[in-house]
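Worksheet: the structure to be examined is printed underneath.
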Amino acid sequence: MLAFAICRGGWPKALYKKTDKAALLQATEYYKAITHSDISRVDNVKRDAERAKRVMRSYARHQGSQTSIATILADISTNESGNLSDETIDSYLNALKKIFVIEDLPAWNPNLRSKTAIRTSDTRYYVDPSIGVAALGLGPNDLINDLNTFGLFFETMCIRDLRIYADAMDGSVYHYRDKNGLECDAVIHLRNGSYGLIEIKLGGEKLIEEGTKTLKALSDIIDTTRMKAPAFCMVLTGVGDFAYRRTDGVYVVPVGCLKP
């Protein structure tokens with residue numbers, strides 16, 4: 001049975017081991033190492049540091065979406081002196097994957113009662129949100145003053161954690177999106193066929209209700225005669241001291257309460 005152990009408590013203490021300034025400096029130095037040396041050293045192909053920075057900035061802006069290579073190419077072309085191809089951008093992205101800087105999230109393909117077409121493009125994510133923050137040159141105050149951007153990086157952090165917990169249970173994490181715009185941020189699927197549906201929200205009753213509505217909509221179109229019903233539906237939030245189960249069965253869980 002697929003489940004998460006839910007505990008009382010807030011954010012992990014490890015998050016507070018370093019000051020904000022020290023943590024930001026570490027992320028920035030790592031970003032510099034990626035763009036100036038690591039991205040070329042991984043396969044001994046010389047790559048331009050400034051172009052690598054532009055690729056990573058574009059990727060950071062589009063994380064959490066199914067953005068195409070063509071879109072990233074269009075993002076950075078205005079600052080390029082020569083013509084770039086999709087293959088060049090793909091080369092940079094593949095190098096970043098090899099050094100575990102980015103890791104895209106594959107699409108989930110459930111059995112549905114309807115003939116709705118499922119979008120199969122991967123969702124773009126940094127392995128760790130701090131790298132994307134460094135790529136955009138942001139700091140804590142920038143994120144606090146821009147909750148939309150903060151929400152994207154929070155989602156990246158949650159996907160990172162869910163992947164770690166799912167891997168401990170020999171499972172995988174996917175995303176779902178169909179042609180009608182119905183989208184689920186994360187689906188944890190185990191080898192025994194058990195799975196859980198997860199929406200990621202910073203917090204607040206309005207956003208929790210939106211997440212719950214999405215989870216119910218997806219759950220309702222799954223053909224449970226051909227696959228199991230969801231083991232759980234969860235809204236994963238950034239605030240709160242404890243997790244709870246709503247009367248409709250949906251769990252609301254602060255990210256600091258997750259455990260495998």
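The values are calculated or read from the model by the stated rules, or taken from the named source; none is laboratory data. What you see is a predicted model; the values in this text were computed from it and never measured. Note: ideal-geometry Cβ built from the backbone for every residue, glycine included; neighbour counts use all protein chains shown. Only protein heavy atoms, including side chains, enter the accessible area calculation; ligands, DNA and RNA are left aside. Shrake-Rupley method; radii C 1.70, N 1.55, O 1.52, S 1.80 Å.
Values computed for the structure shown
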| read-out | value |
| --- | --- |
| DSSP bridge pairs, the chain: antiparallel proportion in percent, nearest 5 | 60 |
| The chain, helix-only ellipticity at 222 nm - DSSP H runs n ≥ 4, -39,500 (n - 2.57), divided by all residues, nearest 500 | -12000 deg cm²/dmol |
| Exposure ranking of Thr214, Thr247, Thr35, Thr71 by accessible area [1.4 Å probe, largest first] | Thr247, Thr71, Thr214, Thr35 |
| Selected from Arg160, Arg113, Arg124 as most flexible by GNM, with the chain as the system and alpha-carbon contacts under 10 Å | Arg113 |
| Contour excess over end-to-end distance, with Cα ends at Glu183 and Glu29 and 0.36 nm allotted per residue | 51.9 nm |
| Estimated D of the chain in µm² per second, where Rh is the Kirkwood radius over Cα pairs and Stokes-Einstein applies at 4 °C, 1.567 mPa s | 66 |
| Kirkwood Rh (inverse of mean 1/r, distinct Cα pairs), region 186-234, angstrom | 11.5 |
| Point-charge dipole on Cβ atoms (K/R +1, D/E -1) for region 165-246, about Cα centre, debye to 20 | 220 |
| Distant alpha-carbon pairs in region 45-100 (separation over 14 angstrom), percent | 51 |
| Local electrostatic count at His189 - Lys and Arg +1, Asp and Glu -1, tallied over other residues with Cβ under 13 Å | +1 |
| Surrounding net charge for Leu236, when Lys and Arg each add one and Asp and Glu each subtract one, Cβ distance under 10 Å | -3 |
| Space enclosed by the convex hull of the alpha-carbon atoms of region 69-143, per residue, Å³ | 159 |
| Within straight-line cross-link reach of Lys179, lysines at Cα separation under 18 Å, skipping those fewer than 8 residues along the same chain | Lys115, Lys213, Lys216 |
| log10 of Debye I(q)/I(0), alpha-carbon scatterers only, for region 10-163 at 0.11, 0.16, 0.17 Å⁻¹ | -0.48, -0.95, -1.05 |
| Charge context of Thr88, other residues only, Cβ under 11 angstrom, K/R +1, D/E -1 | -3 |
| Semi-axis lengths, Å, region 158-260, gyration tensor of Cα atoms, sqrt of 5 times eigenvalues | 20, 18, 12 |
| Accessible solvent surface per residue of region 79-231, calculated while the other protein chains remain in place, 1.4 angstrom probe, Å² | 49 |
| The chain - charge dipole about Cα centre, Lys and Arg +1 at Cβ, Asp and Glu -1, debye rounded to 20 | 460 |
| Percent RCO, i.e. relative contact order, over region 20-153, from Cα pairs under 8 Å lying at least 6 residues apart | 31 |
| Gain in span if fully extended, Ala168 to Ile221, counting 0.36 nm per residue against the direct Cα distance | 16.2 nm |
| For region 112-260: relative contact order, % (alpha-carbon pairs under 8 angstrom, 6 or more apart) | 19 |
| Dipole in debye (nearest 20) - region 80-161, about Cα centre, beta carbon charges: Lys, Arg +1; Asp, Glu -1 | 460 |
| Mean Cα-pair separation over length for the chain, i.e. relative contact order, pairs under 8 Å, 6 or more apart, % | 22 |
| Top positive-direction residue, dipole computed over region 110-260 with Cβ charges, set Gly240, Tyr251, Thr224 | Thr224 |
